[in-house]
Amino acid sequence: MIPPLPSPNWQPAPARTLPLTPPPGLRLRGLVAEDLCLAWAPKASGDNLDFSLNPENWLYGTGDSLTSVSARVLTSTGAVTDLTVLWATLLQGQACLFLGGGVPGTVQQVQVCVTTQQGRSLVQPVSVAILADTPAAQAQPVPRLADGTPVPPNALALPGGAILTGPSGTPYLIA
């Protein structure tokens, strides 16, 4: 396993980090719910916050590590105040998302997809409640490349601020 590199620009918030857990064993099937229901801490609609999934337990003893992460909000309705994934990145070995917006008084479902060096993949739904006592707000903008690709805080940048990108146009990351 390649150890995760510390990002000089960002530290995932421990209070908003959940462990990815192994799925229930075959002996447990039928005795417990098939889907593991993970839930992040609630957020206000106007907050842009990082939320992370730590794969340490899921990958324990495998020598494997995450190579990619993507996410989408399953409960989006098209409203301007919907919960939005502003960026998704690998940060210090974890799947880290930056979420903004959200309709107050709702519970949103975020589907996080991760893959590993050795080819493992996992699709994990995670809930996040949007506090009811705060006004609805749009997600605040984040830095983007000219083509609209979001720039996570662990993107490699030149001293002048230009972001280094690969052939596909995605930023190179310190992951």
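Bear in mind that the values in this text are calculations on the coordinates, not laboratory data. It should be emphasised that the depicted structure is a prediction, and the values quoted were computed from it without experimental measurement. In this analysis, Cβ positions are derived from the backbone assuming ideal geometry, glycine residues included, and neighbour counts consider all displayed protein chains.
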Next item on the list: Run the dipole for the range 22-175 about the Cα centre, Lys and Arg Cβ at +1, Asp and Glu Cβ at -1, nothing else charged, and hand back the magnitude in debye, nearest 20.
Entry: 220 debye
Note to self: Apply the a/c threshold of 1.5 to the C-alpha gyration tensor of the chain and tell me whether it is rounded, prolate or oblate.
What the structure shows: oblate
Check: What's the extension gain from S70 to D133 if we count 0.36 nm per residue and subtract their Cα-Cα distance?
Finding: 19.7 nm
Next item on the list: Report the full-extension gain for the segment T77 to A39: residue separation times 0.36 nm, less the Cα-Cα distance, to one decimal in nm.
Entry: 11.7 nm
Next item on the list: Please build a GNM for the chain, connecting alpha carbons under 10 Å apart, and tell me which residue among D50, D147, D82 fluctuates the most.
Entry: D147
Next item on the list: For the chain, build the charge dipole from Cβ charges (+1 Lys, Arg; -1 Asp, Glu) around the Cα centre, then report which of V114, V73, P135 sits farthest towards its positive end.
Entry: V114
